[in-house]
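Rule-based calculations on the coordinates, nothing more; no lab input. Everything quoted here is computed from the prediction, not taken from an experiment. Cβ atoms come from the backbone with ideal geometry, glycine included; neighbour counts cover every protein chain shown.
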C-alpha cells in the first residue's frame, strides 16, 4: 500500500511538472515514440492534447516502474550475494576455527558442498517445493526445473523484481540452513552420511517449513492467508529453529565425540572464527534487510534493527562472561554477536531500534546460559553449539517478535491494525508460539526419521580410529595445514 | 667436554644468548619445547568449558663446551635466565665422550 501511495505521489508530481513543460520535456525523454512537441499547447481541451498527455502519463508510469524495479533489483542481487557470503566463507571460517586442527577442511567442505548441492536441488525441485503452488504444507511442482521463473515478477512474493532474483535470493537461505546443522555433527559425522542426510533434510524438513511460513497459502503465513499467521521476517523459525533443533537431535543421535568431555578440545584457531563471525555480521544485512524484498524504508528499518540487536548481544554475552570468569573472551563476544543476529532475524522487519536492543541483550544472556550451563547439565555434545545459539536464539527471537512487533514499522495485517503485543495484540504471542512449536516438532520428527534412514544406508558416524586420525585425512584425503611442505 | 642443556623461559632467550656470546660462546642449538616442572599451567575457558593447559612453551638450549668454559656458561645462564618466579627452568650438565666435526672429521675439543 505504502509503495502504491509513493508511486501515485511521484506520478502526480511528475504530471504537474510535465504539463506546462510538455514541449520541452517530451523530446528529451524519448525522442522516438513521443508525438513531436505539440506547439499549440495553449489551446486547452483539444482531444489531440489529452491524447498526448495520456500517452506521456503512460510512459512516465512505465519509467517509474522501471526505475523502482532497477533499484529494488540491484539491492536484492547484492543481498543474495551477501547471504551466500554468510555460508562461504562466513560460516565455514566460523566453524572451521572452532574445530580441532585435524577436522578443519572437513567442516569447511561441508559448508562448501552445501553451496553446490542445494543450488542444484533448488533448480530442479527445491524452489518449486518452497514457493510453487499454494498448499497449506508444501508447494508444488509448477516451477520444477525453474519453469516460468524469469524476468517477470511474481506478485505474490515480490512484485518489483524479476522472479529469478527472488528465486536466487531464497536459494541462499536454503544453503545456509543445513550448513548450520554441521556445527552439531562436527568432528565425527561421515561425509557420505552428511551428504545424504542433508539432501533428505532439505527436501523433507526445510522445503515444507519454508512453504508453511513464507509460501502462498502456507498455514503459518502471516500475509498470504495463513491460519496461524506467524511473524517471521527473515527466518527465525524456518532457518534457525529448524536447523538448531535438528542439530540437537543430531548431537543426541550421533553421541559424544570420542574423549568428550574429559579430553580438552579447544578451538584450533579463534582467528579464523573471528573473521568468520565478522563476515556473518556483514552478510546478515543481506539476510535481514534483504528480506524486505525491495530497497525500501522497511529494508533500512530491518538493517538498523539487525545492527543494534547484534551489538547488544555481543555486549550482554561479554558482560556475563566478565562477571562469571573475570575475563571477557573474544570467542564470547563473537558468539554473542551471532546469537543476537539469530534472535533479531524473525523480528528485524517488525521492530524499532529500542526493542532490537532489548531482543539482542536478552538473546545474548539466554544463549550464554544455554551454551555454558544447560549443555553441561544435559551432557549432549553439540560440538559447536548449533542448538545453543541457533535453536535457543531462534526460539527467543520468534517469541519476542510477538511481543515487540509494531504496525508503525510494518503494518503487515493491514493499515492501522495491531501487530504484536506492544500494539496491544497479545494474541500474536500465541501465534508465534504455534509457529515455534510446529517448527520444533517438524524438525524433531523429521530429523529423527531421516537420521535413522541415513544410518541404514550409509551410516552416520565414522569409526573411532578415523575420528582420532581426523576427518580431513580419513574423509577427504588431505590436510588443512601442511606445515612441512 | 660437557654438554649443557638449559630449559628457559622464552622471554629470557635474547638476554641469555647475548650474554653467552659476550663470554665467547658462539655455537648452540635451540629447540622450542613444551613442558612443566613445578609450575602449574593456566586455565582457558571456551564457551564455559575450562581447559587446564599444563604444558607450557619453553626453549631448550643445548651446547657442548670444553671443561674450562662450563662454569662460566652456567653462571651466565643462571644470571640472565632468572626471573625469580616458578617456571624459570633448569640446567642439566652431562659429560660428552666424543665430538666429531662432519666436514673434516676433526675430533674432540677441536671439533667444538
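Tabulated data
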quantity: Exposure proxy order (Cβ contacts within 10 Å, fewest to most) of A:425, A:390; calculated: A:425, A:390
quantity: Virtual spin-label span in nm between residue B:104 and residue A:62, 7 Å along Cα→Cβ; calculated: 9.5
quantity: Computed lengthening from residue A:297 to residue A:124, 0.36 nm per intervening residue step minus Cα-Cα distance; calculated: 58.9 nm
quantity: Chain A: relative contact order as a whole-number percent, Cα under 8 Å and 6+ apart; calculated: 19
quantity: Rg over Rh [alpha-carbon atoms, Kirkwood Rh] for segment A:182-330; calculated: 1.02
quantity: For chain B, built as a Gaussian network whose Cα springs stay under 10 Å, the top-fluctuating residue of B:25, B:86, B:77; calculated: B:86
quantity: Mean separation of Cα contacts under 8 Å (6+ apart) over length of segment B:2-111, as relative contact order %; calculated: 42
quantity: Approximate spin-label separation residue A:330-residue A:156, in nm, with each point projected 7 Å along Cα-to-Cβ; calculated: 4.8
quantity: Acute angle (nearest 10 degrees) that the helix B:67-81 long axis makes with the longest principal axis of chain B, alpha-carbon atoms; calculated: 20
quantity: Amide N proximity, segment B:78-105 versus residue B:38 label position 7 Å along Cα-to-Cβ, cut-off under 15 Å; calculated: B:83-91
quantity: Alpha-carbon Rg with Dmax, taken over segment A:367-456, Å; calculated: 17.1, 54
quantity: Per-bin percent of Cα-Cα distances, segment A:135-268 [10 Å]; calculated: 11, 35, 30, 15, 7, 1
quantity: Where N is the number of residues in segment A:300-344, Cα Rg divided by 2.2 N^0.38 Å; calculated: 1.18
quantity: Principal-axis tilt of helix B:13-22 within chain B, Cα atoms, nearest 10 degrees; calculated: 20
quantity: Relative exposure of A:86, A:76, judged by other C-beta atoms within 10 Å (fewest first); calculated: A:76, A:86
quantity: Spacing of the two label points (7 Å from each Cα toward its C-beta) at residue A:195 and residue A:378, in nm; calculated: 3.1
quantity: Computed lengthening from residue B:15 to residue B:91, 0.36 nm per intervening residue step minus Cα-Cα distance; calculated: 25.7 nm
quantity: Semi-axis lengths (Å, descending) of the ellipsoid that matches the C-alpha gyration tensor of the protein assembly as shown; calculated: 62, 30, 23
quantity: MRE, 222 nm, helices only [DSSP H, n ≥ 4, -39500 (n - 2.57), over chain B, to nearest 500]; calculated: -7000 deg cm²/dmol
quantity: Likely footprinting exposure, A:201, A:440, A:322, fewest C-beta neighbours within 10 Å first; calculated: A:322, A:440, A:201
quantity: Using alpha-carbon coordinates, inclination of helix A:2-18 to the longest axis of chain A, degrees; calculated: 30
quantity: Radius of gyration and maximum dimension Dmax of segment A:260-365, Cα, Å; calculated: 15.0, 52
quantity: Relative contact order computed over segment A:92-154 (Cα-Cα under 8 Å; 6+ residues apart), in percent; calculated: 21
quantity: FRET efficiency estimate (nearest 0.05) - Cβ-Cβ, residue B:52 to residue A:469, R0 22 angstrom; calculated: 0.30
quantity: Shape parameters for chain B, alpha-carbon atoms, Rg then Dmax in Å; calculated: 17.0, 60
